[in-house]
Structure formats: structure tokens, C-alpha cells
Amino acid sequence: MDLPASGPAVHAHIRPAADGHWHLKWSNAGHPAPLLVTADGAVESLVQHDTLLHHALPPRPRTCASRSLAPGSTLLLYTDGLVEERGEDIDENIDRFAHLLATAPPGIRLHALLRSLLETVGPREAQDDTVLFAVRIPMS
């Protein structure tokens, strides 16, 4: 893209696969890593990333990572506005976010989980956009 602009981005596709699983394929250009919560509550940060999208960098082919999502898994994508706050360590905030996900009550409804995360982890005074997006893979 010949644009004099830049910004972080995650581009992801999910599609049904065999046995109730779904297939996730993504490319990350400097955006906070998506978080994957398994049905048993384990949280994994999907840290694979590619080069930033920036008008000062030459265009390069993008690489993608892929992952199988088991039934009951929840994929969370979020903007840096949720975890970045002036004077705070962003990595500590992401770790706190992941801990809250791992300790969420089993079977919590997705909208209740998202509301709780936003109220608990979200900055007190938003300086940036705050978006939380989740996909839960249905149980077979």
C-alpha cells in the first residue's frame, strides 16, 4: 500500500476444521499479541509476528502463523488502549489481563467475561481507543 501512514495490525482468518475444531491463520504487524484461552483455562499469548507496516519500510512479503482452536477455546484480540497506560508497564498489564482470563469462572458467558475484563483491566482514563474482540469456539 502506498500510504504515508503506519500502524499496528492483526489480520486473522478462522474457518471450521475437523472434529469441531476451527483453524486460525493470522499475521501480526506490531499489534499486541492475541490471547488464546483453552477450554481448561490455560492462556497462551500468540506472539508470532511479522514486520511492522510503515511507509518508511520497503514492502515485504507477509508471513502467517496458524493454529488449531479446540472446542471451548476463546480467542481474544484487543487494542493497546486496553493494556497501555501512561506510567504503567504494558507487559505487566498484559500479564494481569492473561491472569484474569486464566482465573475466570468456568462456563462464564462471553459477554460477562468481556465486561469484567474491560472493567478490571481497562485504563481508568482512556487515552486511546479500547477495543476487545472475542470468538469462542462452540463445544461439539
Reported set for segment 62-79 where residues are modelled with pLDDT under 90 and either in contact with an Asp or Glu (Cβ under 6 Å, 6 or more places away or on another chain) or in a loop (DSSP other than H, G, I, E, B) (or both) is ARG62, THR63, CYS64, THR79
Every residue from segment 42-53 that is in a loop (DSSP other than H, G, I, E, B) and either at pLDDT 75 or above or open to solvent by 70 Å² or more (accessible area, probe 1.4 Å) (or both): ALA42, LEU46, VAL47, GLN48, HIS49, LEU52, LEU53
Selected residue (criterion: most open to solvent (accessible area, probe 1.4 Å)) from residues of segment 97-126 that are part of a loop (DSSP other than H, G, I, E, B) and at pLDDT 85 or above: ARG109
Please determine whether any residue of segment 75-84 is farther than 19 Å from VAL37 by Cα and open to solvent by 90 Å² or more (accessible area, probe 1.4 Å). yes
Within segment 9-32, considering residues that are over 23 Å from MET139 (Cβ atoms) and surrounded by fewer than 17 Cβ atoms within 10 Å (Cβ to Cβ), the one modelled with the highest pLDDT: HIS11
Checking the condition assigned to a loop (DSSP other than H, G, I, E, B), of a type in the set (Gly, Ala, Ser) and at pLDDT below 85, which residue from ALA39, ALA56 passes? ALA56
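The values are calculated or read from the model by the stated rules, or taken from the named source; none is laboratory data. These figures come from a predicted structure and were not determined experimentally. Using ideal geometry, Cβ is built from the backbone for each residue, glycine included, and neighbour counts are taken over all protein chains shown. To get the accessible areas, we keep the full protein, side chains included, count just its heavy atoms, and leave off ligands, DNA and RNA. Shrake-Rupley method; radii C 1.70, N 1.55, O 1.52, S 1.80 Å.
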